[in-house]
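Peer 1: Below you will find the structure I want to go over with you.
The values are calculated or read from the model by the stated rules, or taken from the named source; none is laboratory data. If you're wondering where the values come from, they're calculated on a predicted model, not measured in any experiment. When we count neighbours, we look across all protein chains shown, and the Cβ atoms used for this are built from the backbone with ideal geometry, even at glycine.
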Amino acid sequence: MKKSIAISLCTAFTIALIGCGPTEEDVTASSADFTVEEDTIEAASEALSEYSNSSNTTITIDTSNTPSMDPADPTFYYNQKLVSVMGNKDRIIDALGTPDPEGELQLSDHHYSFASGQITMQTVDIKDEETPLSITILERDVHTSMEIGVGTSKDDVVAKYGENYETFKSEYGIGYKYDYEDFYIKFTFDSDEIKEFSYINKEAEKIASQKPKQKED
């Protein structure tokens with residue numbers, strides 16, 4: 001009984017404190033109608049304390065879309081979904097959306113284009129499984145794990161990824177290639193800004209390079 005009274009008192013006190021229940025005058029007037037034993041007040045305090053301790057006060061911060069800031073991380077986010085050239089082809093397509101009509105094949109066995117050609121993926125068949133070979137991004141809203149994307153300056157790339165890179169030539173000029181254990185990432189520059197960047201799966205590239213070239217019709 002005392003516990004019930006205690007809980008009722010806790011509820012009344014809480015409503016009064018948040019300003020959406022009885023006014024201070026109401027509480028004062030009501031308290032004149034009855035007396036509360038001292039042990040009941042103690043029970044109310046204990047009940048309030050137990051409620052505070054048992055309530056869900058944990059604040060959860062959603063870090064699912066937070067870049068890892070690890071240069072050796074081959075992932076990026078697209079439409080709040082994680083994408084990796086080292087991942088499963090079907091999951092990549094699920095994250096990137098319905099592919100555009102197939103484009104030109106290069107080393108790969110299959111080619112996919114997304115977002116009107118702003119993102120492309122090449123895959124190669126390895127042991128009867130379609131494995132991602134490369135993902136190339138031209139879309140400005142997509143960034144690497146180091147928050148680098150199309151439009152980023154060459155100096156900012158070096159500041160984030162370091163000076164341990166190889167240079168390569170492209171149709172736009174010079175690019176930087178950063179080599180990691182299972183993949184490498186290539187930044188292609190145009191006027192000292194990233195024009196596009198690509199993730200390449202090393203194992204898939206090696207197998208693709210050993211395959212006979214497809215005959216052109």
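Peer 1: Scan region 171-188 for residues that are without any contact (Cβ under 8 Å) to a residue 60 or more places away in the chain and surrounded by fewer than 15 Cβ atoms within 10 Å (Cβ to Cβ) and jot them down.
Peer 2: Across region 171-188, the qualifying residues are Glu171, Tyr172, Gly173, Ile174, Asp179.
Peer 1: Assigned to a strand (DSSP E or B), surrounded by 15 or more Cβ atoms within 10 Å (Cβ to Cβ) and touching a residue at least 12 places away in the same chain (Cβ under 8 Å) - does that describe any residue in region 142-152?
Peer 2: Looking for residues that are assigned to a strand (DSSP E or B), surrounded by 15 or more Cβ atoms within 10 Å (Cβ to Cβ) and touching a residue at least 12 places away in the same chain (Cβ under 8 Å), one finds at least one in region 142-152, hence yes.
Peer 1: Would it be correct to say that Tyr172 is modelled with pLDDT of 95 or more, farther than 23 Å from Asp94 by Cβ and not acidic (Asp, Glu)?
Peer 2: Judged against the criteria, Tyr172 is not a match.
Peer 1: For the structure I just gave you, tell me whether Glu181 is at pLDDT 95 or above and assigned to a loop (DSSP other than H, G, I, E, B).
Peer 2: Here the answer is yes, as Glu181 does meet what is asked.
Peer 1: Right, another one. Return yes or no: is Glu196 modelled with pLDDT of 95 or more, within 29 Å of Pro101 (Cα to Cα) and outside any strand (DSSP E or B)?
Peer 2: Judged against the criteria, Glu196 is not a match.
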